[in-house]
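*Asks:* Got a structure for you, written out below as structure tokens; questions coming shortly.
We did not get these values from a lab; they are worked out from the coordinates using the rules stated. Keep in mind it's a predicted model, so treat the numbers as computed, not measured. Every residue, glycine as well, gets a Cβ built from its backbone with ideal geometry; the counts of neighbours run over all protein chains shown.
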Amino acid sequence: MSSPSPKSHVAVLGGGPCGLYAARVLSRAGLAVTVIDKGDRPGGLATSHKRGKNWYDLGCHMLHEFDEEIYKDMMSIMGEESIPVQLDAKIRWAGSFYRYPLQFQDMIKGIPFFTLVYYCLGLFAAQIRSALVPWTPKDAEEALIMLYGQPLYEFFFRDFTHRYWGIHPRELSATFITTKMPRLSAVDVIKRAMGKIGIKDRSVKAVDSALLEETLHYSRTGAEAMPRCISKAVQAAGGRVIQDAEVTAIVRDEATGKVTKIRYHHGGQDHELDCDECISTIPVPHLVQRSEPSPADEVMTAARQIRYKPIAIYGLLVKKEKCIDGLYIYYRDRAFHRVGEPKNAGLVVDPPDHSVLIVETTCEIGDEKWQGTDDAKDRIFTDLELENICRREDVVEVNLLHGETGYPIFALGFEPHLEQVKNWVNSVPNLQSVGRQGGFTYPNMHSAMRMGAKAAAVAMKRLGFD
Ligand SMILES: Cc1cc2nc3c(=O)[nH]c(=O)nc-3n(C[C@H](O)[C@H](O)[C@H](O)COP(=O)(O)OP(=O)(O)OC[C@H]3O[C@@H](n4cnc5c(N)ncnc54)[C@H](O)[C@@H]3O)c2cc1C
């Protein structure tokens with residue numbers, strides 16, 4: 001590798017896993033890099049916040065080992081702060097608990113025989129239909145039916161999807177299913193059996209998101225340890241990480257079209273940072289809207305069509321030593337869609353005979369769940385009692401955390417808008433927009449970090465460091 005010029009400066013917008021890892025790669029290679037992040041601590045969505053004496057995750061976050069290089073690098077950075085933990089997740093379904101990802105043998109044990117036959121026939125019919133008549137699903141409803149069959153769709157996925165997104169599957173894009181839906185191994189077993197007799201899945205495939213037996217990595221202070229350690233490593237290698245700093249403008253040179261300056265607000269003042277390359281991990285519509293000069297009207301209009309689903313996470317301190325059996329449980333028809341108990345993964349809770357619950361909900365900004373009204377809390381407490389997780393009188397503290405851009409919404413017809421916005425980003429010679437928010441996609445942390453590493457490699461190449 002050639003030695004870097006001290007003049008080359010890379011601005012990284014956003015300090016979640018993607019931006020921090022891009023900075024890790026760049027700073028290790030000796031480039032000058034500055035991360036500008038609006039959060040009060042590093043990590044973006046993948047962090048925890050201290051309230052009182054305890055840490056609360058913004059949704060339970062544990063690192064997978066799937067990307068070996070990144071996993072090993074994280075272990076070297078985190079040392080003893082990382083705690084290995086076996087995945088132990090469940091799905092609450094039809095009055096029983098099923099291991100997550102759903103296993104074929106569990107499904108057979110738990111579901112009444114005739115119900116199971118009905119689901120299998122539905123799946124079989126969907127497989128035959130797509131084998132005989134090539135069929136491109138026009139929306140998420142059709143894609144789900146193609147993937148799981150009509151009965152399973154109606155029983156599980158229709159309402160779950162609707163509750164989760166606040167949008168009927170008919171109004172979601174089929175792309176959502178192909179990039180977001182976790183693979184149900186139970187369904188895979190049936191599909192493999194059908195494949196053996198020549199009935200093959202044609203166009204819709206779910207994605208792998210977790211393995212039944214895998215080791216995840218967590219810490220005694222929750223999700224916050226990993227981004228804190230990466231941020232420290234970046235700074236130790238000479239990079240800068242500025243927290244509480246909101247990017248307000250991405251300024252381009254009119255002649256070259258290149259990004260030359262980033263403006264940001266920090267410590268009550270406006271600041272400017274000169275840069276040669278810019279890696280943005282902030283929400284891509286915000287990147288477009290903050291660009292100076294503004295892109296063409298059609299790009300601005302397309303950016304307005306790109307939306308995210310906010311999350312409201314209720315972190316509860318509960319006067320009960322242990323509340324659930326496992327790390328987290330998914331629910332289909334409750335006021336929450338997942339409840340995690342990070343103490344079971346090694347989180348230290350004060351006092352030790354209490355526990356912390358992370359209750360995950362999706363919402364709209366300003367609605368009852370977002371505000372944490374008494375009604376919203378009441379619905380959550382009622383469902384926690386109905387699920388025998390804890391009694392409302394056991395809840396000692398409620399700490400509400402927010403994520404404005406929790407999940408990209410793959411609304412019906414979003415693809416051309418996203419393409420238009422991405423084409424504009426690609427037309428700027430020294431700009432990349434990556435990660436969950438910047439790429440408008442659904443990576444886990446290791447995949448977001450891999451995107452950061454790739455963006456760093458592109459930036460280095462453009463700057464002449466191969
Ligand atoms: C509820 C939930 C649970 C999850 N659990 C897991 C898990 O267990 N394991 C796993 O691997 N993944 C998990 N994920 C996925 C994980 O959160 C993402 O992969 C990861 O956060 C993506 O990192 P990112 O850097 O791309 O985006 P983000 O984490 O969203 O980071 C974007 C950053 O941009 C900053 N930003 C935005 N606008 C501005 C601005 N104008 N100026 C400056 N900064 C700005 C934000 O402050 C933020 O730090 C989970 C996600 C959710 C929602």
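*Asks:* Which of K90, K50 has the fewest other C-beta atoms within 10 Å, and how do the rest follow up to the most?
*Replies:* Listing K90, K50 from fewest to most nearby Cβ atoms yields K50, K90.
*Asks:* Right, next: Can you give the helix-only mean residue ellipticity at 222 nm for the chain, where every DSSP H stretch with n ≥ 4 adds -39500 (n - 2.57) and the sum goes over all residues, rounded to the nearest 500 deg cm²/dmol?
*Replies:* Taken over the chain, the calculation gives -10500 deg cm²/dmol.
*Asks:* Let me ask you something else. Could you give the size of the charge dipole of the chain about its Cα centre, using +1 on the Cβ of each K and R and -1 on the Cβ of each D and E, expressed in debye and rounded to the nearest 20?
*Replies:* On the way: 56 positive and 59 negative charges, 186 e Å.
Dipole size: approximately 900 debye.
*Asks:* Hey, another quick one. How tilted is helix 113-132 with respect to the longest principal axis of the chain? Cα atoms for both, answer in degrees (0 to 90, nearest 10).
*Replies:* With both axes taken from Cα atoms, the answer is about 50 degrees.
*Asks:* Kindly rank 283-296, 75-88 from highest to lowest mean number of other beta carbons found within 10 Å of each residue. Numbers along the way, then the final one.
*Replies:* Details: 283-296: 18.2, 75-88: 15.1.
Per-residue Cβ counts within 10 Å, averaged per peptide and sorted highest first, yield 283-296, 75-88.
*Asks:* With a 10 Å radius around each residue's Cβ, average the other Cβ atoms per peptide and rank 349-357, 21-29, highest first. Walk me through the intermediate numbers first.
*Replies:* Working: 349-357: 17.0, 21-29: 25.8.
Highest to lowest by the protection proxy: 21-29, 349-357.
*Asks:* Pairs of lysines 8 or more apart, or on different chains, with alpha carbons under 20 Å: count those in segment 285-369, would you? Working shown, then result.
*Replies:* Values: K309/K369; K319/K343; K320/K343; K322/K343.
Taking segment 285-369 as the scope, the lysine pair count is 4.
*Asks:* Rounded to the nearest 10 degrees, what's the angle between the helix 225-236 long axis and the longest principal axis of the chain, both from Cα atoms, 0 to 90?
*Replies:* In the chain, helix 225-236 runs at an angle near 20 degrees to the longest axis.
*Asks:* Additional query: Testing the spin-label approximation: label points 7 Å from Cα along Cα→Cβ at R92 and V133. State their distance in nm.
*Replies:* 4.0 nm
*Asks:* I've got another one for you. How would E415, E397 line up from fewest to most surrounding beta-carbon atoms within 10 angstrom?
*Replies:* Ascending Cβ contact count within 10 Å gives the list E415, E397.
*Asks:* Can you find, among T441, F381, M226, the residue farthest towards the positive end of the dipole of the chain? Put +1 on the C-beta of Lys and Arg, -1 on that of Asp and Glu.
*Replies:* Checking the options against the dipole of the chain, the answer is T441.
*Asks:* Here's something else I'd like to know. Which of rounded, prolate, oblate describes segment 307-419, given a ≥ b ≥ c as roots of the alpha-carbon gyration tensor eigenvalues and a/c under 1.5 marking rounded, otherwise prolate only if a/b is larger than b/c?
*Replies:* Numbers: a/c = 2.28, a/b = 1.89, b/c = 1.20.
Because a/c hits 1.5 or more and a/b exceeds b/c, segment 307-419 counts as prolate.
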